[in-house]
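Throughout, read-outs are computed from the coordinates displayed, never taken from laboratory work. For clarity, every value in this text was computed on a predicted model and none was experimentally measured. Note: ideal-geometry Cβ built from the backbone for every residue, glycine included; neighbour counts use all protein chains shown.
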Amino acid sequence: MTPSHAHHAHHTAHVHRAVDPGAATVDLASLYAMQSGPTPPRLIRAPREVHVELDARITTWSYAPGRTTTAWGFQGAVPGPAIIAHVGDTLVAHLVNHLPEPTTIHWHGLRVPAVMDGTDAVQPLVPPGGRFEYRFALPDAGTFWYHAHANETVQIERGLYGALVVLGPDEPVFDADRVLVLDDLKVDRRGEIARTALFDRHSGREGDVLLINGQATPELTIAAGQVERWRLVNACNARYARLSLGGRPFRVIGADGGLRDAAITVTETLLPPGARVELAVGPFDDVGAAIAIESLPYKRSGMKRARRATWGALRVGPRQPSRALLPEVLATITPLITDGDLTPTRTIELGARMTLHGHDWLVNGELHHQDEPVKVGELEVWDVINDTGLDHPFHLHGFFFQVVAIDDVPTVPRAWHDTVNVVARGRVTIAFRADDRPGEWMYHCHILEHHAAGMMGHFSVVR
Ligand SMILES: [Cu+2]
């Protein structure tokens, strides 16, 4: 039995809850009133329904010149279609399953009603030949992504993911707005997607073929003098991107839950699996230069060698005029904790134990931990403690949190997150307030092999 099948066998007890139709809609005004996420935008645009067909099917993926592999893609594409919508719109996504196994779609980072979260805790898996309609309002501007949430180690590796961009009413002005979905592909000697090895269960599956938007080491072009907005999604099963642009400075302007309070200039930024970051790239002056889009060596595990890797290249093209305008204040991030009291309301210990087949990955000593309910409106302060020798990207479904302390040192929240890296033997304290979206939710390590091998927790949000 593979880890992913074990994962599903465990979850059958959570499947087939009755869906209350009222629970499938969220009133944006009451959501915003709870102040549990980004500052509500002024809705100046008449909301629309955005319809998208997501037919999950077997496809031939051409990931490099002369190199193809059999993959699984939404609409037969890897990544699936990039969905672009505006805050306040309602997304209606029609999942059609033409795969040989059941699937669902999780809307990573979106504040959806619980029954739209796309996990097997809230909906029956959609069988081969089946359909499911996801329908929900889009409350927040930002860079999100959607991906299969069944047998993830296989389904996401094979290509079942895509980007979702939600635009706010007054976005900063750039000369171009790009989405870059990072992935890595592990292929066998025939060039086909390799089978998962037992060792992958320990460190997570990494591949040698690095992809941006489904293409191996592409070359992008930026006009000299221009500034572009890059929205990066890390869709890798396990690979961390310690992102660098050939050592040149760039500005980080956003995270999982939209814009930061202000831009920060850096020469590198760490993007763990599942997380997003938004950058202002440029302006560059040296026409003709080729800048590496690369990962610097990052040691996330005692057992893995840290190596530099190249995702692609950025060519500086002929100079063009720029209209980019980046305001000094990008967003207001109102702290959830104002009295300095960081006393945790619960502790989540990420652990491991050796077994005959390698490792089990645990939360509070359990596989697929059942955690205590969270009450609507109450402030949650969670101490996430990593008792293992590897980093784990901690992902909370459905709610944004603020990072309020790292290794017990208080931090000032600069952005909203749904995924945060917890370094080996480290500790991250997060705060969030559950707004009124009762139902079944979960958190898990976003190294997909760790999630499948047990590093997750279920919890209900209750009124
Ligand atoms: Cu992990």
| message | Between T411 and T60, what is the label-point separation in nm under the 7 Å Cα-to-beta-carbon projection? | response | 4.6
| message | Nothing charged except the Cβ atoms of Lys and Arg (+1) and of Asp and Glu (-1): what's the magnitude of the dipole of the stretch 176-317 about its Cα centre? Round to the nearest 20 debye. | response | 620
| request: Let me know the charge dipole size of the stretch 341-463 about its Cα centre in debye, to the nearest 20, where only the beta-carbon of Lys, Arg (+1) and Asp, Glu (-1) is charged. | output: 140
| field | Translational diffusion of the stretch 259-375, µm² s⁻¹ [Kirkwood Rh, Cα pairs; Stokes-Einstein; 37 °C; 0.692 mPa s] | value | 164
| field | the chain, helix-only ellipticity at 222 nm - DSSP H runs n ≥ 4, -39,500 (n - 2.57), divided by all residues, nearest 500 | value | -1500 deg cm²/dmol
| field | aspartates and glutamates whose Cα lies under 17 Å from that of K304, excluding same-chain neighbours fewer than 8 positions away | value | D184, D200, E206, D208, D391, E449
| query | By counting other Cβ atoms within 10 Å of each Cβ, how are V233, V428, V165 ranked from fewest to most? | reply | V165, V428, V233
| message | As a test of understanding, state the convex hull volume per residue of the chain from its alpha carbons, in Å³. | response | 140
| note | For the stretch 176-317, Rg(Cα) over 2.2 N^0.38 Å is 1.08
| Ranked highest first by the average count of other Cβ atoms within 10 Å around their residues, in what order do 386-395, 243-252 fall? | 386-395, 243-252
| field | Selection from I156, T347, A306 lying farthest towards where the dipole of the chain points positive, charges on Cβ | value | A306
| note | Quarter of the surface of the C-alpha convex hull for the stretch 3-167, i.e. direction-averaged projected area in nm², equals 10.7
| Those residues of the stretch 158-189 whose amide nitrogen sits under 19 Å from the label point placed on T217, 7 Å along Cα→Cβ | 181-189
| Ranking E152, E449, E380, E49 by Cβ neighbours within 10 Å, fewest first, what do you get? | E49, E380, E152, E449
| the stretch 346-462: projected area of the alpha-carbon convex hull, averaged over directions, in nm² | 6.8
| request: Apply the Kirkwood formula to the stretch 82-140: the hydrodynamic radius equals the inverse of the mean of 1/r over all pairs of different alpha-carbon atoms; give it in Å with one decimal. | output: 12.2
| D for the stretch 89-197, whole µm²/s, Stokes-Einstein with Kirkwood Rh over alpha-carbon pairs at 10 °C and 1.306 mPa s: what number? | 101
